[in-house]
């Protein structure tokens, strides 16, 4: 029995699944971050090798049975990555070379067997795709925290912290976000709305330790403050940030949408998946350019990586085969 | 004759001046970046020691004649900085300990002998102060590129690059900034407005090399693209960025302004000094909360550091003494 391997390589976690050529998932394993850009080449290879080894073990099959491998990864695979991951596969007895695919495309293929439609993601980053004839026909955003990712967790979290500091500085309106941000930093307790208003140089003293803490982090860690925008209830500043995030995500989706391609719209990323109010608002806005589109949430791209690997060996993945993949994957003990 | 030493320590350049207790500047030297946060403790001390040594040499006085030293520096001096700079001074024969002052306050004191008024700065960063009774009474912004600095060079440059990428992505309007940004990156020649519109995954191919280049830089280097906002003429996107910068800077100034304190408003930083259109717009906006205030541009904080050092030894620096400092400083050969 020929088998395939799908690997969804993320910056903070990596998922591997082994499936039979009939589309039945036989083994699954999840590990830490495996993207060489995020964690370094050495750690990436160790994580990915560990995940694939465990998935094969759980599937109770040897690496020699794997005839196709798809790696879905942000930024794609460089020629060095391909060589390094190829060595890893050979050490596990897998002769098939890794085929790279984009992480957003992997997520799209996790949501539908259809070969046209859209993907909209908002997690730490944010971006959108239009898929036609099983290929990426248009990409918008996904440009990273410094240059794009509008409506992403980083984008929201950065605005949350800046709004809190503007409040403390008298440059911006008073907002409950201030208390929430200082609370998360351990610089104020809840229920003390005037916390940290002792002055140094006419500025609340708490600003200096807050700056010192945050500038020690990697910038993307500001994404952690996105939760405060959703926790702040009807606070006007927080509501404006949430609304601007929804408008930005719809703008990114609108940039790839095309009248002849109706959907579905696959939805990925923790910010959209964990905040139903935001997702509903994005759906409402998108109805103007994508009327009647179905929205399909997906947790990650591993089912898509398996689907792409099966297609690579000539398997036609239609509705029934796709449901076989996702149902058998969901039934695996470690999934 | 007792003398004083004023040092304006910046991230990219450091200025030292020696003055007599009568307020006549006798020696001046300029060196590279001397802020331990930006360049590291070792390089900072070497630069500052070299600058002070050269200023003393040019003043033709020995270190033992220096009775007061003021260091103006962003972020202030930590206790380790103070100890390390103190060692440097002793090696040059200077027994006086370094007194720290903020860089924005040094800039204010470079512009006026008056002990109340305002400072508004926009260079790589941006912030404002209100001064009362010769001390900082209120501070707003100056929070760095990630958390504040609204209307700064970084703030403008980041918007310029994001607008260009949004144009290439079809998320934003067409703008001349795209051509200017790609030109600065060496990815397109001027006069080719459709440059880089060959597609990969439905995205202009030029986006990928642009991202790779910029993400290799330190984020603050985006400040270099602020020039494109001013070079783009009547382009609507560039004009909107310039207007938003002016509104942000006025908002920061308004946050520190107080009816009883009329001015002057000392203006510092390359973005405000090199772009008269922006400065005029900020002046116009500020007239609403600071009517009739005089605006005084200053190139740096070294005259302010000298002024603060003279005040430390009990010299009353009024209009005549202040003009003696700035006139004698301007007349020095290396200034």
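Just to be sure before I move on: is residue A:212 farther than 25 Å from residue B:250 by Cβ, within 11 Å of chain B (Cβ to nearest Cβ) and over 25 Å from the mean Cα position of the chain (by Cα) in the structure I sent?
On the way: farther than 25 Å from residue B:250 by Cβ: yes; within 11 Å of chain B (Cβ to nearest Cβ): yes; over 25 Å from the mean Cα position of the chain (by Cα): yes.
Answer is yes for this residue.
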TODO: Tell me which of these residue B:215 doesn't satisfy, since it passes every other one: (1) farther than 16 Å from residue B:152 by Cα; (2) surrounded by fewer than 23 Cβ atoms within 10 Å (Cβ to Cβ); (3) assigned by TED's automatic domain parsing to the domain that holds residue B:126.
DONE: (3)
Open item on the list: Scan region A:47-58 and tell me whether some residue there is under 26 Å from the mean Cα position of the chain (by Cα), outside any helix (DSSP H, G or I) and closer than 18 Å to residue A:9 by Cα.
Closed with: no
- [ ] Please state which of the following conditions residue B:27 fails to meet, knowing it meets all the rest: (1) within 30 Å of residue B:130 (Cβ to Cβ); (2) in contact with a strand residue (DSSP E or B) (Cβ under 8 Å, 6 or more places away or on another chain); (3) at pLDDT 90 or above.
- [x] (1)
Task: Failed item in (1) in contact with a helix residue (DSSP H, G or I) (Cβ under 9 Å, 6 or more places away or on another chain); (2) over 23 Å from residue A:281 (Cβ atoms); (3) modelled with pLDDT of 95 or more, with residue A:134 passing the rest - done: (3)
TODO: Could you please find all residues in region B:326-335 being in a helix (DSSP H, G or I) and surrounded by fewer than 17 Cβ atoms within 10 Å (Cβ to Cβ)?
DONE: B:327, B:330, B:331
Open item on the list: Tell me the residue from A:267, A:261, A:313 that is over 28 Å from residue A:3 (Cβ atoms), touching a residue at least 24 places away in the same chain (Cβ under 8 Å) and more than 22 Å from the chain's Cα centre (by Cα), please.
Closed with: A:261
- [ ] Would you mind finding the one in A:249, A:273, A:222 that is within 13 Å of chain B (Cβ to nearest Cβ), closer than 30 Å to residue A:133 by Cβ and touching a helix residue (DSSP H, G or I) at 6+ places or on another chain (Cβ under 8 Å)?
- [x] A:249
TODO: Consider residue B:125 carefully, then state whether it is modelled with pLDDT of 95 or more, buried (at least 24 other Cβ atoms within 10 Å of the Cβ) and more than 9 Å from every other protein chain (Cβ to nearest Cβ).
DONE: no
TODO: Filter region A:168-203 down to residues that are crowded, with 20+ Cβ neighbours inside 10 Å and within 12 Å of residue B:148 (Cβ to Cβ) and give me whichever is modelled with the lowest pLDDT.
DONE: A:203
TODO: Name, by its number, the condition in (1) modelled with pLDDT of 95 or more; (2) more than 18 Å from residue B:246 (Cβ to Cβ); (3) crowded, with 20+ Cβ neighbours inside 10 Å that does not hold for residue B:145.
DONE: (1)
Open item on the list: Quick check on my filter: what residues within region A:7-46 are closer than 15 Å to residue A:82 by Cα and in contact (Cβ under 8 Å) with a residue 12 or more places away in the chain?
Closed with: A:7, A:8, A:9, A:34, A:35, A:36, A:37, A:41, A:44, A:45
TODO: Scan B:278, B:285, B:332 and give me the residue that is over 19 Å from the mean Cα position of the chain (by Cα) and either within 14 Å of another protein chain (Cβ to nearest Cβ) or closer than 27 Å to residue A:163 by Cα (or both).
DONE: B:285
Task: Residue, farthest from residue A:117 (Cα to Cα), within region A:252-266, restricted to residues that are away from chain B (no Cβ under 12 Å) and surrounded by 23 or more Cβ atoms within 10 Å (Cβ to Cβ) - done: A:266
- [ ] Answer yes or no: is there a residue in region B:136-150 that is away from chain A (no Cβ under 14 Å) and under 20 Å from the mean Cα position of the chain (by Cα).
- [x] no
Open item on the list: Restricting to region B:70-85, name every residue that is assigned to a helix (DSSP H, G or I) and either buried (at least 17 other Cβ atoms within 10 Å of the Cβ) or touching a helix residue (DSSP H, G or I) at 6+ places or on another chain (Cβ under 8 Å) (or both).
Closed with: B:80, B:81, B:84, B:85
TODO: Go through (1) buried (at least 22 other Cβ atoms within 10 Å of the Cβ); (2) within 13 Å of chain A (Cβ to nearest Cβ); (3) without any contact (Cβ under 8 Å) to a residue 60 or more places away in the chain; (4) more than 24 Å from residue B:286 (Cβ to Cβ) and name the single condition residue B:160 misses.
DONE: (3)
Open item on the list: Condition (residue is touching a strand residue (DSSP E or B) at 6+ places or on another chain (Cβ under 8 Å), under 21 Å from residue A:322 (Cα atoms) and in contact (Cβ under 8 Å) with a residue 40 or more places away in the chain) applied to region A:84-100: is it met by at least one residue?
Closed with: yes
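Would it be correct to say that residue B:103 is surrounded by fewer than 19 Cβ atoms within 10 Å (Cβ to Cβ) and more than 11 Å from every other protein chain (Cβ to nearest Cβ)?
Considered against the rule, which asks whether it is surrounded by fewer than 19 Cβ atoms within 10 Å (Cβ to Cβ) and more than 11 Å from every other protein chain (Cβ to nearest Cβ), residue B:103 comes out as no.
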- [ ] Return the total of residues in region B:35-69 being more than 25 Å from residue B:314 (Cβ to Cβ), touching a helix residue (DSSP H, G or I) at 6+ places or on another chain (Cβ under 7 Å) and buried (at least 21 other Cβ atoms within 10 Å of the Cβ).
- [x] 4
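The values are calculated or read from the model by the stated rules, or taken from the named source; none is laboratory data. Nothing here was measured: the structure is a model prediction, and the numbers come from that model. Here Cβ is always computed from backbone atoms with ideal geometry, including for glycine, and neighbour counts include all displayed protein chains.
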